[in-house]
Amino acid sequence: MKAAMKSDIHLRPLQPGDIGWVISRHGSLYATEYGLDITFEITVAEIAAQIMRGWDPTSDNAWIAERGGLPVGSIFIVRADATTAKLRLLIIDPSARGLGLGRQLADAAIGFARTADYHRITLWTMGMLDAARHIYATAGFTLTDSVQAHEYGRDLVNETWQLDLTP
């Protein structure tokens, strides 16, 4: 059954309404699953606005995973500087977890970064996000920094990860 469910999911480019879904889904899932407060959703909205204000299709890309006409996941890759891309806003809806979608989204973003001639990809995540951290580690990212913080209404660990794309 999982194979049939996986084949029902496809990746597509951004469309009107997707940014709102990405922000809303992050806010609701992170509140429910990790106890983060509304300031997290505000941060996601700020990140999304910054991405879209500076959008350049030659250096930035995004994918929405869709099943049955509804979004179930997202990932963005955006320019940090001339040689560095940032992976942003990865989310997988609970209805689509366990199907390899996180890896599929990460592979799309990494593939784009390679073709755009980036030398590295960085990302920010939180230590409690075990599934996301597993996706990053499996894709070859390494943890480069870890900082204790009190944000979004709770104590957490902010992490920076990096993937070297040079041969």
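The values are calculated or read from the model by the stated rules, or taken from the named source; none is laboratory data. Owing to the predicted nature of the structure, the values given are computational and were not obtained by experimental measurement. Ideal geometry is used to build each Cβ from the backbone, glycine not excepted, and the neighbour counts take in all protein chains shown.
Remarks
- Filter pass, I135 being farther than 22 Å from P16 by Cα, part of a strand (DSSP E or B) and either touching a strand residue (DSSP E or B) at 6+ places or on another chain (Cβ under 7 Å) or not small (G, A, S) (or both): no
- Residue in region 108-125 that is of a type outside the set (K, R), more than 19 Å from N61 (Cβ to Cβ) and within 16 Å of the chain's Cα centre (by Cα) present: yes
- Residue satisfying condition, being of a type in the set (A, V, I, L, M) and in contact with a strand residue (DSSP E or B) (Cβ under 9 Å, 6 or more places away or on another chain), within set L70, L105: L105
Residue by residue, here is whether (1) farther than 17 Å from L101 by Cβ; (2) of a type in the set (A, V, I, L, M, F, W, C); (3) modelled with pLDDT of 95 or more holds:
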| residue | (1), (2), (3) |
| --- | --- |
| A31 | yes, yes, yes |
| I42 | yes, yes, yes |
| E46 | yes, no, yes |
| W55 | yes, yes, yes |
| S59 | yes, no, yes |
| G69 | no, no, no |
| V72 | no, yes, yes |
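- The residue of region 118-146 that is nearest to N158 (Cα to Cα), among those that are in contact (Cβ under 8 Å) with a residue 24 or more places away in the chain and of a type in the set (D, E, K, R), is R133.
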